[in-house]
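One structure is given below, encoded as structure tokens.
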Amino acid sequence: MLRSVAHESATLQHRVAPVSFYSATLGRMGSWKAWRQRAKDWKRDRRISDADIAQAVGVERGTVNSWLNKREPNLSDFMALCEAMKADPAIILFGLGNLAFLYLPLLLDVARYIS
């Protein structure tokens, strides 16, 4: 039993990126606190106004402006903001490009089979 577990562990080892890779990648990720800029970029790219969001969420336009510039919204307000913008909250919090490192081990395996 122990022998098969050790063999299985050795077999899987080549498929998993080392912890140092993930640590280094996570260290380079933009801060989640940059969510405001990502939300503003999302809004701008899709031509969504503060007034549109305010109407969808049921708050004043000034409240939306405050969330995007000064005051931290609570979780339910943040989720409502994302829903009004039709945005995935994870993308707004962490950015889309930052998730690519999760797929690197899979891409490396695919590259090995292709070449």
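Our estimate of slack between Glu72 and Gln37, defined as 0.36 nm per intervening residue step minus the Cα-Cα distance, is 11.3 nm. To make sure I understand the rule: partners must be aspartates and glutamates, Cα under 13 Å from the Cα of Lys43, and not fewer than 8 residues away in the same chain. Which ones qualify? Correct list for Lys43: Asp52, Glu83, Asp88.
Just so you know, all these numbers are worked out from the coordinates, no wet-lab data involved. Computed from a prediction, not measured in an experiment: that's the story for all the values here.
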